[in-house]
Amino acid sequence: MKLKRYYKFMCLTVLMLLTLSFQVLAQEFTVSGRITDEVSGDPLPGVNVVIKGTTNGTISDADGNFKLTVSSSPATLTFSFIGYKGKEVDITSSSTNIEVTMSEDITNLEEVVVTGLASSIKRSNLANAVETISAEELLGTTTPQTLGGGLYGKLAGVNINVNGGAPGTSPSVQLRGISTLGNGSSEPLYIIDGVYVNNSSISTGISVANGAGAGQSAALQDDLSSRISDINPDDIESIEILKGSSAAAIYGTRANAGVIIITTKKGRSGKTKVSLGQEIGFNQAVNLLGYADWNLDKVVRFFGGSSQRINDINSGRSTDWEREIFGEEGLITSTTLTVSGGNDKTQFFINGNVRAENGIIQNSGFDRNTIRANIDHQLTDKIKISTGSNYIWSSNDRSFNGNQNSTGASFGYNISFTPPMADLFPDENGIYPNNPYFAENPLALRDLGINNSTVNRFIQSFNADIGLIQTPNSLLKLTFQGGIDYLNSNSLVYLPEVLQFQQSQANPGDVFQGRAEQLNINMQAFLIYNTQVGSVNFNTQVGAVKLNQDSESVVVRGQGLLNGNQNANTAALQSVFRQQRQEVTDVGIVAQEEINWEDKIIGTLGVRLDKSSLNLDQDEFYAFPKASVAVNLNNFGFLNVDQISQLKVRAAYGETGGLPNFGTTFIQLNNQFIDGGAGTVLSTVSVDPNLEPETAREIELGLDVGLFDGRALLEVTYYDKQINDLIEFLEPANSTGIIQITTNAGDLKNTGWELALSGSPIRTPSVEWFSRVNWWTNESEITRWDVPAKTTGGFGASLGTYQLAEGISPTTIVGNPELQDANGNGIGQFTRYGDAQPDWQLSFYNQVNFLKNFTFSFVLHHSSGADVINLSQFLWDLGGTSPDWDDTDQYANQPAMVDGEDNPLFRDDNGDGVNDLTNGQGRPLQRSTEGSSPEVYIQDASFWKIREAGLYYTLPSSVTNSVFKGFVEKVKLGVSGNHLFIFSDYVSYDPEVSQFGANPVASSVEVTPFPSSRRVMFHLNIDF
Amino acid sequence: MLIAGLSACAIFEIDPVTNPNAADAAIVGSNASQAQLQSLINGLESRSRGFVATTSRSFGTFGRETLSFRDSDPRFTTDWLGRAGQPDAGFFAVVNTYDAPFQTIAQGNFLMDAGANTDAISEQQLRGLQGYVKTVQGFQFLVPLLAQSEGGIRIDITDPQNPGPFVSFDEGLTFVLGLLDEGVTDLNAAGDSFFFSLPSGWGSFNTPARMIEVNRAIKARASIYAEDWQGALTALNASFMNMSGNLNDGPALTYQGGDGTTIQNEAVGNPFNPFFFPLDAFSTQIEVVHPGVLADIEEGDLRAANKFFPRSPTNFVNNQALPQYVATHQDGRWSTNNDNVPFIRNEELVLIYAEAQAQTGNLAEAVSAINTIRSAAGLGDFTNPGNLDGVIDQLLFERRYSLWFEPLPHRWVDLRRYDRLSELEADFIATDEEVFTRLARPTEEQAWDDFIGAGG
């Protein structure tokens, strides 16, 4: 007790210390000057000019001029500007007017990288390969629809999965391979200006409405967008990606999947800047496949003698249903208004955006309106505060795609079975005919069905930086960060009673009305002490963090609706389909020491202690240590090769955690109802009483070589990331009535290489070319597996699934037949057909500025060797609608026997002596004739993609000035495209596809997804 | 010290989070109230329905009583018809012929433990509870046992991490028969009434005395699987069999007031009658009557008229995986999706009686029972052929129509009992169909034994 009181006193003392501050004296003169770009000679506005050793400074104006009062002579001015190398200039009271030139930091060595909760470090001193995406790279080529969409192809070591091409989709981002099997956190932690933002996917109930997930993993098949899609990419100044545990250790228990740190734009002091941006463009299917032809002969062969089908083909009707449904050109419009500026004390940045995108299916679309206000204020010369407020409204009509069961509520699935002669168009009274070929008329579904999620969201950040003690050699400061992320989501899934499938139901008309409310609150306080002892700089941090997450959701369902009514309360049958609450609290304590010997050797040691209410033992602290060292060999002086401007070797080790999902630590009773009475059943899911969180340990080694005075940089990184105590289900013998016990089942290892070569091969006043090549590879292997080998994901061994067993990657795609032991008994493992993980990937980013005012840039991305379970093709084959269905030349005149053996190309199910295998490309006419092996549908999904390309023209300032008489400062025009071309042998819309959303394993399963679209946009930007 | 100082601050304390979405299992583990026991009974009744949809559809298809038309997934008419080979461990969509009955049995054990660990009920009341639960468990054990057949099942399943070994089909049956007998012993000590109530499907079978009649009916069914003909006759004597009574009499699984949500995967639910599909509604996703059954109808059979609903020609059902065939009839037994589903009826007991009499040499008595059934179906008498085979032929014919597509369909099991599965070949629609003799042991069961065998 006494001890506790003592600690409380300590706590108070620490807090009181923070309020102290110190004064410094002054004696003054004034210096002014002009700053220009070394290559082009253009003035540089917005450069930070600071008197070294003080916090006094200013910012250059639009013409690159600055003026500053200096307190003592001589002094040193430091000039810094994002994207340029820093510079120091010595001045005395006699140098009243100076000219300063700055050169671009092509390889970003001097860029300051945020690496922790309260720390940042110069890139050249970094011990990890932390990648930074600047606003220029994120948005400079084209405008991504969502934040995740802007990361594609720009990062090494990243694997991005997407549900399909529905507008508003935010892909799931996987850093350095799989870090959980799905029961720990699978998505990286997103932090925006210190706010732990919510990236959940909010289930709508659609997978029950369409039957896709009537059984297991229902919500996984909801085709949801994760909520990071709410963020307006245009608000972002830079993104830093801590890919592995060695970099992310300081984020502790939630960082197994990596951390994505986002910094938004800030205002700069000077003239208030107003910019208006307008985009107009369109979405278009990037890759329609075509549709099989039908004729009387095929109808008879395929459907037998059904007179209705024969009448249909004789009617002469022919509609390409693929084009009919997926062939729309959806309009894209986006308007952005930005106002930013400020003075020495206060800077502001206000950005408003209204975006509306229609998809390639009628009535699909994504609308997002956002406004952000960032304010920075220097309260005293010791205290700086900043706040960022962001309100978002987004509305997403995701349409009906992917898997379904029995309901027809999926376009692709529906048209797989609908031949061109079907009659589906509404009559003059707007009545849609029944689709005799499947469970639904897709046109009626498109025109009458609703699948919408609308989100209102507010994100607030708050930062305070308080200088406590400053001496010539040391600085003690306190930083405080807090964040709130509140979102409210409304979802509506509506299948009106007039739909064909609904008419076959006992209570036609089905509506799911969902409401969800989620609130994240986080705060952290850090004390940072920096001191120089001789030639060594010590940076010490201690701090504490806390995160609360609360959420509540309700989905009500109504069946039996009349007259187009969508109110569940008016339905014949009403139910609360789902109601769920979650509350989570994490707390952590952090200590870190960074030691820098003259930028020669930079070492870091740190530890984080975390506890979380998600753990089975909610009071247990888990420790996550880290250690790293970077050695800049070029700074020792013995390496005198002019061409080498940097030679750094680095090594980093760190540990992170992965928490169990909410609810898995409880053994519960479930309710069921019968005959008006409530019943209690024992859950079939249990938990291991010794369950621990997942932990990852990573060692990362690297070599960075800077060449030609920073014009080129080669970065080579190797990592070995072990994830221990993977949380998985032990599946006991089913006959015990327990189907899952959550336990720590195994270990997983990811090893990989990341190579990045960047630089500027051409650099003249008329042409500047920047280029970067990334190459990366990751290999995964389950190194320990303490529960029976099992399959997961997909649709069972007969259609391809994933295998979890020791010695193989969890991305291994398997299928029938089952492997057998020496006695011919099945061993619970299946034949291996592929791997969802690519062998390697390559991306190639280029930006060329030419003829002064033109900029051309593009991103090329290659993925090699990944496999996908292509069940779309399985369905097309089954419906006879595969584009190549009639492409059967290789089967014509095949004999039944070749060399006395059965000819695999000869099939004669109906016994007429003629080869009846009529499907192209060697796939079976009906799967059954091939046995139950899914091999033919597990397909290589290698691709080349032009992710982005853009061409922009900025009006010469002379023209702007003469035309607009100084009213307009800058006019920029451009055309750009997103996801422009796919080059792949994979036979479907897009080789990057996942029926199972953000599921970390088992993602590459395709079931008639929303086809991917190409976005083409025209841009006009005016700065006033 | 600084860390120690900081860690003392209140912000480091976490309020323990309890499950906000469900009750903790420990609540009923000891000292459960009667109301809590009643809720566990309701849970058992709810779980009892878990096997029905999957088992009726798959067994119905295996025995060529029905076809499952699901254009969304062709495997219902490929894999289930043997067109992709014999069933393997991960066989398509048959999980609930196994998991659901065992989960029901586990719920029963949980319920009996809760009953034994409380003072809220008397010893006599406990015996009533145990007798009822064992009766339900006896019925549920038959589902996986019939699916696995000679592959056997586990019978010692109380410890999830330490289950007993698989036992043979015969040992399994012996165990079930014994369990049912234990149930009767308990029920005999249970007084005149139960302390709990049972849902509407049980009708008047809601007292210990009448529960014994159900228990004996189930035992009679199990006895013919064990070919214990005398045992079957003895059991029938104590059952609700009534030669002159309504053939539809019997207890049912309760679907009254269903809300349609699935009870799979833990969701709170109260399913609809899974056999019900709106009559003649346009659909390609429906159970249809197998053409083999239609082809062999004896003229004037009221069973066919009552059970097989003819769809209008514009609403005949196509199936992509059986393109050469158009289905004409659907299940016509149900008027609403809230109809309760009988799980053992007087009609079956009369047929069991006929079979057991025939097998014990009383052919005339057997023929008389068969003719009771035929007369109710509006058919003329069957003449005693004077030999066992002839009587059994006719018996199997009557069972095919009398017991068509029951929740635990009979024909596949019946033909297997009499080694006549090859008769199903006559009903093949596609040339690549195969007949199944049994389902393979599920993957998880195999994997568990491999795992234990490997020292895990």
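Here is how the numbers come out for the structure above:
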item: Chain B: C-alpha gyration tensor shape, a/c 1.5 cut-off, then a/b vs b/c; result: prolate
item: Two-decimal ratio, the range A:591-684, of alpha-carbon radius of gyration to 2.2 N^0.38 Å; result: 2.11
item: Given charges at Cβ of Lys, Arg, Asp, Glu: the protein assembly as shown dipole, positive-most of A:Y291, A:G430, A:H377; result: A:H377
item: Taking A:F621, B:F240, A:F326 and counting other C-beta atoms within 10 Å, the order from fewest to most; result: A:F621, B:F240, A:F326
item: Against the rule of thumb 2.2 N^0.38 Å, how large the Cα Rg of the range B:1-158 comes out; result: 1.53
item: Size descriptor, Kirkwood hydrodynamic radius, that averages inverse alpha-carbon separations across the range B:277-350, Å; result: 13.8
item: Signed unit charges on C-beta, dipole axis of the range A:683-747, positive-most listed residue A:I699, A:I727, A:I738; result: A:I738
item: Radius, Kirkwood style, for the range B:16-75 when every pair of distinct Cα atoms is counted (Å); result: 15.3
item: Long-range amide H partners of A:Q803 with built H, under 5 Å; result: A:T792, A:T812, A:V814
item: Förster radius 35 Å - calculated FRET efficiency between A:D447 and A:S307, Cβ distance, rounded to 0.05; result: 0.75
item: ³J(HN,Hα), Karplus 6.51/-1.76/1.60, whole Hz, each residue of the range A:848-853, x for Gly, Pro; result: 10, 9, 9, 6, 6, 10
item: Nearest-0.05 FRET efficiency for B:E171 and B:E434, computed from C-beta distance (R0 30 Å); result: 0.60
item: Rounded, prolate or oblate (a/c below 1.5 giving rounded, otherwise prolate when a/b exceeds b/c) for the range A:331-450 by Cα gyration tensor; result: prolate
item: q = 0.16, 0.17 Å⁻¹, the range A:235-394: log10 I(q)/I(0) [Debye, one scatterer per Cα]; result: -1.06, -1.10
item: Cα shape, the range A:121-199, gyration tensor, a/c 1.5 rule; result: oblate
item: Base-10 log of normalised Debye intensity for the range A:527-585 (one unit scatterer per alpha-carbon) at q = 0.29 Å⁻¹; result: -1.08
item: For A:V49, A:V511, order by how many other beta-carbon atoms lie within 10 Å, fewest first; result: A:V49, A:V511
item: Options B:P251, A:Q549, A:T272, ranked by Cα towards positive dipole end of the protein assembly as shown, top entry (Cβ charges); result: A:T272
item: For A:Y845, net neighbour charge (Lys/Arg +1, Asp/Glu -1) across residues whose Cβ lies under 10 Å away; result: +1
item: Cα centre as origin, Lys/Arg/Asp/Glu Cβ charges: the protein assembly as shown dipole, Debye; result: 5020
item: Global size of the range A:35-114 as Cα Rg and Dmax, reported in angstrom; result: 12.5, 38
item: Where N is the number of residues in the range A:372-412, Cα Rg divided by 2.2 N^0.38 Å; result: 2.60
item: Under-5 Å amide H pairs with A:N632, H placed in peptide plane, nonlocal only; result: A:I601, A:I602
item: Cβ-placed point charges (K, R +1; D, E -1), dipole of the range A:73-208 about Cα centre in debye, nearest 20; result: 420
item: Theoretical gain in end-to-end length, A:E806 to A:N314 [0.36 nm per residue, Cα-Cα removed]; result: 171.3 nm
item: Restricting the range A:41-130 to trypsin sites (Lys or Arg not before Pro) in coil, as DSSP defines it, with at most 16 other Cβ within 10 Å; result: A:K52
item: Long-range amide H partners of A:G679 with built H, under 5 Å; result: A:Q672, A:F673, A:I674
item: Square roots of 5 times each gyration tensor eigenvalue, C-alpha, the range A:678-788, largest first, Å; result: 51, 16, 10
item: Exercise: per-residue mean of other protein chain Cβ atoms within 10 Å, A:684-690; result: 2
item: Distance (nanometres) between label positions extended 7 Å along Cα→Cβ at A:K52 and B:A295; result: 9.8
item: Coordinate range along principal axes, alpha carbons of the protein assembly as shown, Å, largest first; result: 132, 85, 65
item: Exposure proxy order (Cβ contacts within 10 Å, fewest to most) of A:E620, B:E355; result: A:E620, B:E355
item: Nearest-20 debye value, the range A:244-321 charge dipole, Cβ charges on Lys, Arg, Asp, Glu; result: 800
item: Theoretical FRET efficiency, 1/(1+(r/R0)^6), r = Cβ-Cβ of A:D786 and A:D940, R0 41 Å, to 0.05; result: 0.80
item: Ranked by how many other beta carbons lie within 10 Å on average, peptides A:598-604, B:315-321 from highest; result: B:315-321, A:598-604
item: Inter-probe distance in nm under a simple model that places probes 7 Å from Cα toward Cβ, at A:N97 and B:Q34; result: 10.3
item: Cα centroid of the range A:417-454 to Cα centroid of the range A:526-561, whole Å; result: 49
item: Semi-axes of the equivalent ellipsoid for the range B:336-456, Cα gyration tensor, largest first, Å; result: 35, 19, 17
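Readers should treat all values here as calculations from the given coordinates under stated rules, not as data from a laboratory. Worth saying up front: this structure is predicted, and the values here are computed from it rather than measured. No Cβ is skipped: glycine too gets one built from the backbone with ideal geometry, and neighbour counts run over all protein chains shown.
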